[in-house]
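Trainee: The structure under discussion is supplied below as structure tokens; questions concerning it will follow.
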Amino acid sequence: MPKTSINTDLHGFLLSFVLVSLLAFPGMADAKLRLPDTTGLTRFTYEELDLPNQETMGLAGGNVLLNLTEHIYSGLGVYGAVRGQRGGFFTGGLETGFHTRVRRNWWVDAGVFVGGGGGGAAPQGGGLMIRPHAGVLYETSLGRFGLNYSLVKFPNGEINSSQWSLSYEHPMEIRVGRSWFSDSHLQSKVDSLLKKKDYPATQDFSVLVQGYQLPRGTLGRSGTVQDENMSLVGIEWDYLVKPRLFFRFQTLGAVGGSSDGYAQVLLGGGYRYDLPGNNRFKIAVSIGASGGGNVDTGGGLIGNASVSLEHRFRNGVLLGAQAGYIDAAKGAFKANTLGLYLGYSDQAPRPLHEITPDDVRARHWRLRVSHQTYFPTGDTRRKGQTQHDDRNIHLIALHTDLILNPRLYLTGQALGAYDGGAGGYAAGLVGGGVIYPLWKQSRLFFNAEGLVGAAGGGGIAVGDGLITQASAGVGYRINKTYDVMLSYGKTQASQGSFEANTLTMSLSVCFTSMAWK
């Protein structure tokens, strides 16, 4: 093992401590959340970064945030290149900040993002990204529009840029409370919420598998022909903002073909039309950031148009097919798309004017932020190398768990490398897990999970991009809202030579939202 391994492990431990401190600040355990408050928001940002050699890069950001108290928020953030020549540059991590109203329509806001990633051959070094910001926002009926001053720094790379950024925020109509409380606890609040027309969200969440058919002779970033068809897997979330209009978030990563490391994150919207027999037709358009895997998406900006036909079963399970077209704004990449998706559709069981408190139930979630370390094993090599490379790789991981019952959960996870010579490596995983107390009414619990997903970048030899991960560990419930966990497991590429043991330290926030029965 290299002599620097002790330093990088210490670096990882210190970063973990910082991440935990961002959420578990003094007084947090006693801070009160009132269920009737609107406690979620989405944020979008855009800024122009100065890179070495007089290069600029347009960076777009998206955040899903929860108000942990009246003034403190925290949540997930992702940033991607959409302008310049660094298509495929992505980072993901934790966003935490403070905001408050100072006048009737004016807000002030300050916060920091800590995450990992890179790509697009950018000078990101190990991949650790820190982005503090501060600014003002003006509130309108459409949302809050802001002007911020931000600093984007990669401490072990060559990116260090300060600039003005534009932002837009919109509240999410998600009513939440701390901890996993019961349906009876929720019912005591529901009457007043329904009278104010504060209904649970109508939304579809699906796992999507797609194939991309590229035109013959399509060139990659290196100038060589890269027209092999691609297979991708990811998630798609449609959130109804009007009876037929929806907001869409989609993220996909390559798991088949010769483009491991390719990823895309798209935002958009569409129109949903109900057909007889619980069938639905959707048409949608989206734009976002994309690249990696030698796919030529230019600066990263990409657009997608699609149509979908789906069936919703009585238990809410959703099955559908999707076809479309995707095209990079500047690069050579374009493709016809065809996919299948399986998910869950959460919608009102009857017309809203007939809704009663009995139609609403509690839905439990767990949001985790983690520090994960890969300890390479076996004959592990980096791409293009013939010698064994066993440097430990340090990653920041974000997990969203949907609690199905007291023992089982579904999970979606995003990871980005920040140290270990793998800047630009990222992974997106989905799967399930079990939670089990070590004994009756114990604060200690056993946690195990199995995952599958897409990974690539950072020179890691993951073959076609498909990886699997299994882990088990022990957790401790600090109180009804927070727990900490330590897990050990195994990550392995299905095709490439990469395999590693994993050690993960996590801090979790447990909360409850309203959902339809």
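The values are calculated or read from the model by the stated rules, or taken from the named source; none is laboratory data. The structure displayed is predicted, hence computed values, not measured ones. Heads up, the Cβs are rebuilt from the backbone with ideal geometry, glycines too, and the neighbour counts pull from every protein chain shown.
Trainee: Which of the numbered conditions does Asn315 fail, given that it passes all the others? Conditions: (1) at pLDDT 95 or above; (2) part of a loop (DSSP other than H, G, I, E, B).
Mentor: Unmet for Asn315, out of (1) at pLDDT 95 or above; (2) part of a loop (DSSP other than H, G, I, E, B): (1).
Trainee: Further question: Give the residue that is surrounded by the most Cβ atoms within 10 Å (Cβ to Cβ), with candidates limited to residues of region 240-265 that are among the hydrophobic types (A, V, I, L, M, F, W, C) and within 19 Å of Gly298 (Cβ to Cβ).
Mentor: It comes out as Ala263.
Trainee: Suppose we keep only residues that are buried (at least 24 other Cβ atoms within 10 Å of the Cβ) and of a type in the set (Val, Ile, Thr) within region 73-99. Which one would you say is modelled with the highest pLDDT?
Mentor: Selected residue: Val82.
Trainee: Among the residues of region 273-298, which ones are among the β-branched types (Val, Ile, Thr), more than 21 Å from the chain's Cα centre (by Cα) and within 19 Å of Gln203 (Cβ to Cβ)?
Mentor: Residue satisfying the conditions is Ile283 alone.
Trainee: For the subset of region 213-239 comprising residues that are over 25 Å from Phe498 (Cα atoms) and in contact with a Gly (Cβ under 7 Å, 6 or more places away or on another chain), which member is surrounded by the most Cβ atoms within 10 Å (Cβ to Cβ)?
Mentor: The residue in question is Asp227.
Trainee: Within region 214-238, track down each residue that is touching a Lys or Arg at 6+ places or on another chain (Cβ under 9 Å), at pLDDT 90 or above and of a type outside the set (S, T, N, Q).
Mentor: Leu214, Pro215, Glu236, Trp237, Asp238
Trainee: Right, here's the next one. Tell me which residues, restricted to region 424-447, are buried (at least 16 other Cβ atoms within 10 Å of the Cβ) and under 30 Å from Leu232 (Cβ atoms).
Mentor: Gly424, Tyr425, Ala426, Ala427, Gly428, Leu429, Val430, Gly431, Gly433, Asn447
For (1) within 21 Å of Leu94 (Cβ to Cβ); (2) within 21 Å of the chain's Cα centre (by Cα); (3) assigned to a strand (DSSP E or B), each residue gets a yes or a no:
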residue: Thr468; (1), (2), (3): no, yes, yes
residue: Ala500; (1), (2), (3): no, no, yes
residue: Thr504; (1), (2), (3): yes, yes, yes
residue: Ser508; (1), (2), (3): yes, yes, yes
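Trainee: Residues Gly421, Gly463, Gly450: which one is in a strand (DSSP E or B), among the small types (Gly, Ala, Ser) and surrounded by fewer than 23 Cβ atoms within 10 Å (Cβ to Cβ)?
Mentor: Exactly one of Gly421, Gly463, Gly450 is in a strand (DSSP E or B), among the small types (Gly, Ala, Ser) and surrounded by fewer than 23 Cβ atoms within 10 Å (Cβ to Cβ), namely Gly450.
Trainee: Would you check if there is a residue in region 471-481 being modelled with pLDDT under 90, closer than 19 Å to Leu395 by Cβ and crowded, with 17+ Cβ neighbours inside 10 Å?
Mentor: no
Trainee: Here is a list: Val114, Val102. Which entry is modelled with pLDDT of 90 or more, under 17 Å from the mean Cα position of the chain (by Cα) and surrounded by fewer than 23 Cβ atoms within 10 Å (Cβ to Cβ)?
Mentor: Being modelled with pLDDT of 90 or more, under 17 Å from the mean Cα position of the chain (by Cα) and surrounded by fewer than 23 Cβ atoms within 10 Å (Cβ to Cβ) holds for just one of Val114, Val102, which is Val114.
Trainee: With respect to Gln413, is the statement that it is out of contact with any Asp or Glu (no Cβ under 8 Å at 6 or more places or on another chain), in a loop (DSSP other than H, G, I, E, B) and under 22 Å from Val509 (Cα atoms) true?
Mentor: So Gln413 fails the test.
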